[in-house]
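> Here it is: the structure, laid out below.
Just so it is clear, none of the values below were taken in a lab; they were calculated from the coordinates. None of the values given here were measured: they were computed from a predicted structure. All Cβ positions, even for glycine, are placed from backbone atoms using ideal geometry, and neighbour counts span all protein chains on display.
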Amino acid sequence: ETFADTADRPGRPPEDAAAPLGANAVAELEALATRHLVQPWESLEHLGQEARTLLTGAEGVYVRDARGNRLIDGPAGMWCMQVGYGRRAIAEAMAEQAMSMAYNSPWYSTSPVAAELAARIAEMTPGDLDHVFFTTGGSTAVDSALRFVQFFNNYLGRPEKKIILSRGGAYHGSTYLSASCSGKERDKVYLDFAKDLVVHLSAPNPYRRPEGMSVEGFCDFLIEEMEAKILELGPERVAAFIAEPILASGGVLMPPPGYHRRAQALCRKYDILTISDEVVTAFGRLGHWFASEAVFGITPDIVTFAKGVTSGYVPLGGFAISRAVVEQVAGPENKGSVYSNGYTYSGHPVSCAAALANIRIIEQEGLLEHVREIAPYFQARLRELEALPLVGEVRGLGLMACVDCVADKQSKNPLALDKEVGGRIDAHCQELGLVVRPIYNMCVMSPPLIIEKPEIDRLVEILRQGIERTQDDLE
Ligand code: PLP
């Protein structure tokens, strides 16, 4: 049995897949990576000193390192590997597209696959969000959506309506404007941001709500804060509210029940556009194509997507926008209306072909239903870890979860603890066969959607051991 033969059987990697490289080759490649690569969020203090993790293969829910170790991919790459690695159907769709037409200029043309994909996404999105703009990933999706909002208000003759409301703990990308919406302290060191354009509200993190406040009271607090901020700024100056349904890299923060509906009602009241950043939550992560309406009961004006749309096989992102909004600036009566924003690779045919093949797999294998069925088990098993002394809270929904570590459960204070505790847990887990996504004192888990119960059991068992070993280290 070869890798190719078994590749479309998710979660069952052949033992002989991707033969490990020889020790010399590994050492040489690691040295090249250490010497020449600058990685995202690179610690330049350690540049050229720390060995890189070299991955050379992947199948199903597993990645394989250069020494032949097989690890469960706990974070599904970066929340993107939905259907699992080694899918021949996606690879073939990409190869066929590359052979028949590797590229088309979006300046004057489109492709059958881009047309079909736009129509599919228009069906999946809530309400009348039936116009789709393609970009190259999540950051450019958010950036393009925000620039659409700027264009929209400028064109409608209200250039003062510019301010974007975001939240603490948010992450929306790494372009200038999307990064300006980030509410994470880590992302604010030594970089400049469009401070005049973005205002941050409190992080909707019920676990760290003010002392003595109920969760319902916390929701009231967040909504009252939002309304007060809109009135302070002046509704005529506030253009958009951007929100991840669940703040993903902020640590899987789950806003209190009713928060999104109430925030959307405020936006409607003050004529503010709502952007739901579904770069992480769409394409099955919460058991639905999009989560805004299906899970949170809201119909935003714009949704952004990326990652899971191609299961990470090739970059693609975009946003869908409501007909009601588009119609205000489109059509023959809107002379000179031009949305001057785009990319060489907008609607790239190879990416669109990969996305369509990915969507077919999700449908054919019933992966949305699978996530809805298996998620309660995943969440329940992970919640068992709350019994460990180091674990303050385990939270999550669908196939996204976070283990939040604290120095003591009473004060919930993460800062009293070594802030790199997530990294330590990850290091132990990698030795045991699991990749963790560490964020300071938190471990985020968002495995491929194809995960089954035995792999969940293994994931939880390794994570438990990793946390216990870290606890021992700290003592
Ligand atoms: N929006 C959200 C919610 C994200 O989590 C991310 C990335 O993690 C982005 C946007 C940026 O996407 P990308 O890294 O594809 O540019």
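> Can you compute the modelled spin-label distance between Ala91 and Glu216, with each label point 7 Å from Cα toward Cβ, in nm?
If labels sit at Ala91 and Glu216, their model points lie 5.5 nm apart.
> To continue, here is another question. Using a ≥ b ≥ c from the Cα gyration tensor of segment 279-349 (square roots of the eigenvalues), is it rounded, prolate or oblate, where a/c under 1.5 gives rounded and otherwise the larger of a/b and b/c decides, a/b for prolate?
oblate
> Taking the Cα centre of the chain as the origin, how large is its charge dipole in debye, to the nearest 20, when only Lys and Arg (+1) and Asp and Glu (-1) carry charge on their Cβ atoms?
Approximately 780 debye in magnitude.
> Of the GluC sites (Glu not before Pro) in segment 293-393, which ones lie in a loop per DSSP and count no more than 11 other C-beta atoms within 10 Å?
Glu333
> Another one. Loop-only chymotrypsin sites (Phe, Trp or Tyr not before Pro) in segment 180-280, please: DSSP not H, G, I, E or B, and at most 10 other Cβ atoms within 10 Å.
Taking segment 180-280 and a limit of 10 other Cβ atoms within 10 Å, the loop chymotrypsin sites (Phe, Trp or Tyr not before Pro) found are Tyr190.
> Now, a different point. What does the charge count near Leu47 come to, summing +1 for each Lys or Arg and -1 for each Asp or Glu among other residues with Cβ under 15 Å from its Cβ?
After counting each charged neighbour, the total is -2.
> Right, here's the next one. I'd like the Karplus ³J(HN,Hα) series for segment 312-319: coefficients 6.51, -1.76, 1.60, θ = phi - 60°, whole numbers in Hz, and an x wherever there's a Gly or Pro.
The phi angles translate into x, 5, 7, x, 6, x, x, 9 Hz.
> Of Ser340, Gly398, Pro159, which is farthest on the positive side of the dipole of the chain, counting Cα position, with +1 on Lys and Arg Cβ, -1 on Asp and Glu Cβ, and the Cα centre as origin?
The Cα lying farthest towards the positive end belongs to Pro159.
> Still on this structure, please answer the following. Which FRET efficiency value, to the nearest 0.05, is calculated for Arg237 and Ala294 with the Förster distance at 45 angstrom and r the Cβ-Cβ distance?
After rounding, the FRET efficiency stands at 0.85.
> Charges on Cβ only, +1 for Lys and Arg, -1 for Asp and Glu, centred on the Cα centroid of the chain; of Val149, Gly287, Cys80, which one is farthest towards the dipole's positive end?
Ranked along the dipole, the leading option is Val149.
> Here is a further query. Need one word for the chain: rounded, prolate or oblate. Basis is the Cα gyration tensor (sqrt eigenvalues a ≥ b ≥ c); a/c below 1.5 gives rounded, then a/b vs b/c decides.
Cα axes put the chain in the oblate bin.
> A follow-up question, please. Mind checking the log10 I(q)/I(0) for segment 234-278 at q = 0.16, 0.34 Å⁻¹? Debye, one equal scatterer per Cα, no solvent, two decimals.
-0.46, -1.20
> So what is the calculated 222 nm ellipticity per residue for the chain, using -39500 (n - 2.57) for each DSSP H run with n of 4 or more, over all residues, to the nearest 500 deg cm²/dmol?
Working: 15 runs with 178 residues, N = 475.
Rounded to the nearest 500, the figure is -11500 deg cm²/dmol.
> What is the dipole size for segment 233-329, taken about its Cα centre, with +1 at each Lys and Arg Cβ and -1 at each Asp and Glu Cβ, in debye to the nearest 20?
Working: 8 positive and 8 negative charges, 36 e Å.
Charge dipole, segment 233-329, about its Cα centre: 180 debye, nearest 20.
> Between rounded, prolate and oblate, where does segment 26-83 land on the alpha carbon gyration tensor, with a ≥ b ≥ c its root eigenvalues, rounded for a/c under 1.5, else prolate if a/b exceeds b/c?
Judged from the Cα gyration tensor, segment 26-83 comes out oblate (a/c at least 1.5, b/c at or above a/b).
> Within segment 171-244, list the trypsin sites (Lys or Arg not before Pro) lying in a DSSP loop whose Cβ has at most 12 other Cβ atoms in a 10 Å radius.
Lys195
> Now for a different question. Taking the Cα centre of segment 260-417 as origin, sum charge times position over the Cβ atoms of Lys and Arg (+1) and Asp and Glu (-1), and report the length of that vector in debye to the nearest 20.
220 debye
> Among Lys162/Lys184; Lys269/Lys335; Lys229/Lys269; Lys195/Lys229; Lys161/Lys195; Lys161/Lys184, which pairs are too far apart, with a Cα-Cα distance over 18 Å? Walk me through the numbers before you get to the answer.
Details: Lys162/Lys184 22 Å; Lys269/Lys335 29 Å; Lys229/Lys269 14 Å; Lys195/Lys229 16 Å; Lys161/Lys195 15 Å; Lys161/Lys184 25 Å.
In this structure, Lys162/Lys184; Lys269/Lys335; Lys161/Lys184 exceed 18 Å between Cα atoms.
> Let me ask another. Work out the charge dipole of segment 50-106 with +1 on the Cβ of Lys and Arg and -1 on the Cβ of Asp and Glu about the Cα centre, then indicate which of Val63, Ser105, Met94 is farthest towards its positive end.
It is Val63, whose Cα lies furthest towards the positive end.
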